[in-house]
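Novice: Dropping the structure in here first, questions after.
Nothing in this text is a laboratory measurement; each read-out follows from the coordinates by a stated rule. Everything numeric here is computed off the predicted structure, so don't read it as measured data. In this analysis, Cβ positions are derived from the backbone assuming ideal geometry, glycine residues included, and neighbour counts consider all displayed protein chains.
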Amino acid sequence: MPNNTQLPNKKVTNSFKNTFKNRNLVLSFIFSSVFFLFSIESYAQSRATISGNISDQFGNLPGARVSIEGTIQTTTTDVNGNYSFSVEEGTYILTTQFVMYNTLSKSVTVEVGEEAILNFELETAFSIDQPVSLGSRATPKSSLKTSAPVDVIGPQIISNSSRTELSAVLHYLAPSFHSTHQTIADGTDHIDPATLRGLGTDQVLVLINGKRRHNSSLLNVNGTVGRGSVGTDFNAIPLATIERIEILREGATSQYGSDAIAGVINIILKEQTEVIDIDNRVLINTAGDGFENYSSGNFGLKIGNNGFLNVTAEYRKRKATNRAGDYTGTVYSNNPSEDAVLIEENDFFGQTQYSGKRVMEIGNAETQNLALYFNGEFQMTPTATIYLHGGRNYREGKSKGFFRFPKETDRVVPELFPNGFSPEILTDIQDDAIVVGIKGVKNEFNIDFSHSIGGNRIDYTVNNSNNASLGIASPRTFYSGGFAYHQNTTNLDLARQFKFLKGISVAFGAELRVENYQIIAGEEASYITGESTYVDQDGVERPRISGAQIFPGIQPENELSRFRTNSAGYLDIETNITDNLLFKTGGRYESSNDFGSQGVYKLSSRYRINDHLSIRGSYSKGFRAPSLHQVFFQNISSQFIDGDIVQVGTFNNESAVATEAFKIERLRAEISKHFSAGLSGKLDDRFTYSLDYYLINIKDRIVLSGQFSEGYETVLAPFNVGAAQFFTNAIDSRTMGGDISIHYKKSDANGAFNGSLSANITNTQVVGPIKVSSSLEGQESVVFNREEIARVEKAQPNFKLTSMLSYEFDKYKLQLGNTLFGEVQYLHPDDGDPKNWIINEYTGLVETRDQTFSPKVLTDISVAYQFNDNIKATLGGNNIANVYPDAHTHSANRDQGNFVYSRRVQQFGVSGANYYFRLLLRL
């Protein structure tokens, strides 16, 4: 890239740079402190003992929490459900809690030298009755009492899930959540985009234990859901460390920050001690590929009298799946008869490493994942606690790209690859996070002060490829560069309840966040332009394409490091005007060094008709500033456009190409307005329900444009690219829909039955004209064409319905799950014009490349057997009917037979049926 578009590196401030440099020092200090605290023993002499057992109707409950009211003494039950306290003589009230069980309290009197036995048998509770941390920053309330719709996915549901990745677990348990594996999409093959309520991946905020989680460094630039946006890597968070998940299905930018346009997902980590859980699973597709093995271990340690440290290790390895079709095009020559002879002489299909006549690998990428996580709390004084959590995740991924055929002499060096090659993208993804804080009570205020550091880096290696412009001197393996993102966040939160009226709760606080985005250059051979040439079909000598095929290396002039500082303050007030009427108001003011300041607000209310029925509603305004990735990303990539592989340059808003050649305006923040209304209730203790409606209007949504090529050849020639694209505030959108949830449970001496039915219906529309700068007037269909509009409106299922039935008796548990995915639709950029339609020579019907993919039902089933308190085995199957999405109907969409199924829009992936065996050990 010429000097006039070079982005000079900005010097890193020493304090911030040292923060990340010394991350390992911080970790060492924390761990040494933990083990120092662990070594401290309490030798205070007690004169009596209270002990007992916690169970439910099926047996012991390891990990249940027991506390003595009026003291700071707490403990958790061991693997046999037992607990014990050493106390002075007297009368005490003990309270036991376990997630998704009703809390139970009992009193006991114990005298000197005695051991009092106090047992508890808990009853299961609905999620609607569980206190949730989301929706209110002042006082946690149950879903029945809060003004916001919150789903709770409890530990039993997570533990019984047949999936091993968090994004897949949520995809099949939460109807409003969508995330599927992508294919032939570079790094997006290894980091799954995830959305909520049909919006973008960057419009949902993820918290862990209530603290902001960092985003990935990967910006999705290929033709997938989430194109042009960046999200959180859910699969970097190990399943084995999660106790429960809360999903706030409501705009909450004024409460939690600008990402929370669609909602908030809060992941609560385990606190259990005295128990060691070891989980082992193996899974294979009925097609014979995609073998997966999963192993995890989770254990907890008591620290002193009231502290704990919970640690998780998780390993996950998945082989690739391949659902490509047989290739029908030419290989060595564009002359079919000549090519057929050469294919047979060279045994082309016999050496492609794929079965049949497949030349590509289309399906789930191969990945290997290793994670270590921890969660701890340490009581320092009767009113103050230090807490910390975090961990490291490392993932290796391998995926394939489009096959480069020997006939493509502009990109294949025949001396290196006489039969062409199938290039590979190898990724190394490292994800780190650590949060340290202190919480306590002072002057009746609950105070929480914390600091978190999070980072994600992805590095690309291209294998089995060549830089054609270097000729026979080209390497076959290249380091093509990478991306890194770091987030450094400090929070102070205060909350207090007052006795005015029927009760007022006030919460306020501040946040300081510093972000850093980096683009890292590849090795010289991955991007350099050599002197090798080829002779085209007209006999003209031309230069070969430069850069590593499939992922050209990032050039030094594109390398950069950019920072953003964001500060915010918020106020949240809840007023119980009467015993039944709750009114909430909140506001937030944010200021950044590059996008100015913005204030947002939220008004909401809840009215309790009776103890079993509440109605609620809210209205709010939100905003989201462009991510650093969207502002500064620039790169050259190989993209497949209508049967051709094109070198596409993405130019950021600081580049001369964007500002001078295309006159692109500076990015603006997205502005959103939300309205929601709903009700929730229950009938006796067996049946609960909720119903919610939402309307979300977003102005100036940031999108990645289409590719500009024709008429810009002179501008693009110095960059060796055939097309250009950029980020712009091109569209406004309107999303409306509803959520329904029904739960039923019944327990008796014969067993326990649980059933749930949940659904999400959503519709997103691009409203108004496409917004373009004055220099691009008349080119609205290029800036954001009908395919991109359809990606926003129709690439995610328009509805999803999930049902889960389970029956537990004796030592058995049977579980049946069904997921109905609504339709998705692909629209080709040019098929809006009937002149591009064709007549099928066999059927006589008009054919268009547009296609609607019909709704599908996937069925999962499992049988579990509890041998004893320590061993549980499960045998199950996912998608047992072996359901696949609709196949492509138009030959052009199949790309010469390669793509049987769409890679542009997906409901649930293309793995087909798979079966698994699971062995859970509790020690």
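Novice: So which GluC sites (Glu not before Pro) in the stretch 387-435 pass both tests, a DSSP loop state and at most 13 other Cβ atoms within 10 Å of the Cβ?
Specialist: E415
Novice: Enter the angle in degrees (range 0 to 90, nearest 10) between the Cα long axis of helix 23-39 and the first principal axis of the Cα atoms of the chain, meaning the one along which they spread out most.
Specialist: Here the helix axis deviates by roughly 20 degrees.
Novice: Which residues does the label zone of F449 cover in the stretch 493-516, counting backbone N under 13 Å from a point 7 Å along Cα→Cβ?
Specialist: Zone members listed by number: 493-494, 510.
Novice: Could I ask something else about it? Once you've got the Cα coordinates, tell me which of K499/K584; K584/K621; K746/K800; K141/K682; K270/K317; K317/K398 are over 18 Å apart.
Specialist: With Cα atoms farther than 18 Å apart: K746/K800; K270/K317.
Novice: May I ask you to derive the FRET efficiency for D830 and A881 from their Cβ-Cβ distance with R0 = 45 Å, giving the value to the nearest 0.05?
Specialist: 0.80
Novice: Counting other Cβ atoms within 10 Å, which GluC sites (Glu not before Pro) in the stretch 693-802 have at most 15 and lie in a DSSP loop?
Specialist: Counting only loop positions with at most 15 other Cβ atoms within 10 Å, the GluC sites (Glu not before Pro) in the stretch 693-802 are E710, E777.
Novice: Right, another one. Which percentage, to the nearest 5, of the DSSP beta bridges contained in the chain is antiparallel?
Specialist: Of the beta bridges lying entirely in the chain, close to 95 percent run antiparallel.
Novice: Got a sec? Charge dipole of the chain, +1 on Cβ for Lys and Arg, -1 for Asp and Glu; which of F478, V783, Y570 is way out at the positive end?
Specialist: Y570
Novice: Once you have the Cα-Cα distance between E660 and T859, take 0.36 nm times their residue separation minus that, and quote the gain in nm to one decimal.
Specialist: Contour length minus the Cα-Cα distance gives 66.2 nm.
Novice: For the Cα atoms of the chain, what angle does the longest principal axis make with the long axis of helix 336-345, in degrees from 0 to 90, nearest 10?
Specialist: Here the helix axis deviates by roughly 70 degrees.
Novice: Further, regarding this structure: What dipole magnitude, in Debye to the nearest 20, does the stretch 619-699 give about its Cα centre under +1 on Lys/Arg Cβ and -1 on Asp/Glu Cβ?
Specialist: Its charge dipole is roughly 420 debye.
Novice: Projecting each Cα onto the charge dipole of the chain (Lys/Arg +1, Asp/Glu -1 at the beta carbon, about the Cα centre), which of T321, G503, Q851 comes out farthest on the positive side?
Specialist: Of T321, G503, Q851, it is G503.
Novice: Using a 10 Å cut-off around each Cβ, can you sort F478, F483 from fewest to most neighbouring Cβ atoms?
Specialist: In order of increasing Cβ crowding within 10 Å: F483, F478.
Novice: Same structure again: Which order do H888, H171, H190, H451 fall in if you start with the one that has the fewest other Cβ atoms within 10 Å?
Specialist: H451, H888, H171, H190
Novice: At S295 and E88, where each label point lies 7 Å from the Cα along Cα→Cβ, what is the point-to-point distance in nanometres?
Specialist: 5.0 nm
Novice: For the chain, with only Lys/Arg (+1) and Asp/Glu (-1) charged at the beta-carbon, what is the dipole magnitude about the Cα centre, in debye rounded to 20?
Specialist: Here the chain has a charge dipole of around 2300 debye.
Novice: Additional query: Go through P552, S733, S229 and say which Cα lies farthest out towards the positive end of the charge dipole of the chain; charges sit on Cβ, +1 for Lys and Arg, -1 for Asp and Glu.
Specialist: Value computed over the given set: S733.
Novice: Taking the Cα-to-Cβ direction at E114 and at S355 and moving 7 Å from each Cα, how far apart do the two end points lie in nm?
Specialist: 7.2 nm
Novice: For the stretch 184-238, which trypsin sites (Lys or Arg not before Pro) pass both filters: DSSP loop (anything but H, G, I, E, B) and at most 12 other C-beta atoms within 10 Å?
Specialist: none
Novice: Based on DSSP H runs of at least 4 residues, each adding -39500 (n - 2.57), what is the mean residue ellipticity at 222 nm of the chain after dividing by all its residues, to the nearest 500 deg cm²/dmol?
Specialist: -2000 deg cm²/dmol
Novice: E710 to V341: FRET efficiency via 1/(1 + (r/R0)^6), r the Cβ-Cβ distance, R0 25 Å, to the nearest 0.05?
Specialist: After rounding, the FRET efficiency stands at 0.10.
Novice: Further, regarding this structure: Could you tell me the relative contact order of the chain? Use alpha-carbon pairs under 8 Å, at least six residues apart, and round to a whole percent.
Specialist: So the answer I get is 10 percent.
Novice: Just how large is the dipole of the stretch 41-123 about the Cα centre, in debye to the nearest 20, putting +1 at every Lys and Arg Cβ and -1 at every Asp and Glu Cβ?
Specialist: 160 debye
Novice: To the nearest 0.05, what FRET efficiency results for L372 and N868 with a Förster distance of 35 Å applied to their C-beta separation?
Specialist: 0.75
Novice: Quickly work out the L512-to-F675 label distance, labels modelled 7 Å from Cα along the C-beta direction, and quote it in nm with one decimal.
Specialist: Here the answer is 4.1 nm between the modelled labels.
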